[in-house]
Amino acid sequence: MSRRKNLVDRSVLAAVSLLMIAVSVFLTNHFYELQYPQTLVSGSICDLSSFWNCDIASLSPLAQFFGIPTSIFGVLLGAFLLFGAIWNKKSVVETNYFLALINVGACLSLLVYSLTALNGLCPGCTLYYVGSCVALLLFWWKFSVKPIPNLKVLCSYILIVAVTGFSVRYLSREKDSKMEEYAEKFLEEFRKSPDFETFNITSPYRLSSATENFADAPLRVSLFSDFQCPVCKVFAEEVLPKIIRHYQDKINVQYFYYPMDSGCNHNISQAMHPFACEAAYLAACLPDQFEGIHDKIYEKQNELSFSLLQKLANQYQVSSCYNSAEIKGKIENMILDGDKVGVQATPTMIVNGRKLEGLLPLKFLIVLFDDALKSSKKVAKG
């Protein structure tokens, strides 16, 4: 009976280990999709809301360790636990118990970091945290061992981690060396994307104004965005300022509100971003101060609430405008403008008539923008 019970416990541990491996492989793949995307179409099945979002974890500083995705270590730990569940040797089980204990400590640290610094959770990471806790509970409750690592087993694990780490780092460098090849692929796809040059709607909300008339700039960017979208925050704070500085007096950037919130967006069936519409109403009241309120809302994104937005409305003295039917109608019209070019995700840009969805690495965007600028100059000469 005891032997049968031990087999059941090991089977449960094996199942949990496989879950940890599967989740970690998914997260590793997601990390590489963000760092080295293969298509202009973006999006992930685990980007559920502004809080439950894989991108906030994959784009954070702790997503990698010297160029190695942190999730790789989750794959390895899951493999070690699976190995111990299959080969039930005391030295291996005790070492795995020790690693499971350290792993849960690391998971708790990452959980606190996500909740305090990122103000959100990665669904995949959370599933991994749960699996890690279940694995530790199994060692503590079901296996009659102590968390004392065996030096020989531990050294073998360290060797495997080191070899894997160097291999993954080499893979990342290989991908870096192929950036030009990836960029050419994106460029070809960008040139074949639908032409929305006829989209000549102008917005009073500007983030860059090389020329007073929007259509007169060589580079014309119409940005559809959402104040509660985590990826939009990364784009607004880390990517767009660099693009604007890079092209300086050649680029016009106008902003269109596209809240992913059923409160004002007829395309959204659920309140994915419950404060996005309210944030848009506030910003829409301040066209002359738009750049400042744009930066302020993204800075406060993790703290957004109805009370905070009302406080900002009072601070900027736009309380009456903020709740007006006129301003709400303006947001709804901008959402309809987005529908005309098939906006399905944020951020989405129309760059000289060509549509770009999601967040691409800056190096790719520069290649695409350079091509749009070159084409614009050719048209002007013609």
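The values are calculated or read from the model by the stated rules, or taken from the named source; none is laboratory data. Just so you know, these numbers come straight off a predicted model, no measurement behind them. Cβ atoms come from the backbone with ideal geometry, glycine included; neighbour counts cover every protein chain shown. Surface areas here come from the heavy atoms of the whole protein model, side chains and all, with no ligands, DNA or RNA. Shrake-Rupley method; radii C 1.70, N 1.55, O 1.52, S 1.80 Å.
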With θ set to phi - 60°, apply the Karplus curve 6.51 cos²θ - 1.76 cosθ + 1.60 along the stretch 151-156 and write out the HN-Hα couplings as whole Hz, x wherever there is a Gly or Pro. 4, 5, 5, 4, 5, 5
Farthest positive-ward along the chain dipole, Cα basis, beta-carbon charges - from H266, V93, N200: V93
Report, in degrees rounded to the nearest 10, the 0 to 90 angle that the Cα long axis of helix 325-340 makes with the longest principal axis of the chain. 70
Just to be sure I understand, if you calculate Cα extents along the principal axes in Å for this structure, which of (1) 79, 48, 29; (2) 77, 41, 36; (3) 134, 45, 45 do you get? (1)
Based on DSSP H runs of at least 4 residues, each adding -39500 (n - 2.57), what is the mean residue ellipticity at 222 nm of the chain after dividing by all its residues, to the nearest 500 deg cm²/dmol? -19000 deg cm²/dmol
Accessible area expressed per residue, the stretch 174-296, with surrounding protein chains retained (probe 1.4 Å, Å²): 45
The stretch 282-327 - charge dipole about Cα centre, Lys and Arg +1 at Cβ, Asp and Glu -1, debye rounded to 20: 180
Please work out how much accessible surface D176 shows to a 1.4 Å probe, ignoring ligands, DNA and RNA, in Å² rounded to 10. 70
Heavy-atom accessible area of the stretch 189-229 with neighbours in place, 1.4 angstrom probe: carbon+sulfur share in percent works out to 48
Using alpha-carbon coordinates, inclination of helix 290-299 to the longest axis of the chain, degrees: 10
May I ask which of K250/K311; K242/K374; K233/K330; K311/K363; K175/K374 have a Cα-Cα span longer than 30 Å here? K250/K311; K311/K363
Between 0 and 90°, nearest 10: helix 179-192 axis offset from the chain longest Cα axis: 50
Two decimals is fine: what is log10 I(q)/I(0) at q = 0.13, 0.26 Å⁻¹ for the stretch 291-336, from a Debye sum with one equal scatterer on every Cα and no solvent? -0.33, -1.08
Charged-residue dipole, Cβ positions (Lys, Arg, Asp, Glu), the chain about Cα centre, Debye nearest 20: 1700
Two-decimal Rg/Rh across the stretch 51-149, once Rg and the Kirkwood Rh are taken from alpha-carbon atoms: 1.02
At a Cα cut-off below 17 Å, give the aspartates and glutamates reachable from K185, other chains included and same-chain residues fewer than 8 away excluded. E33, E174, D176, E357, D370, D371
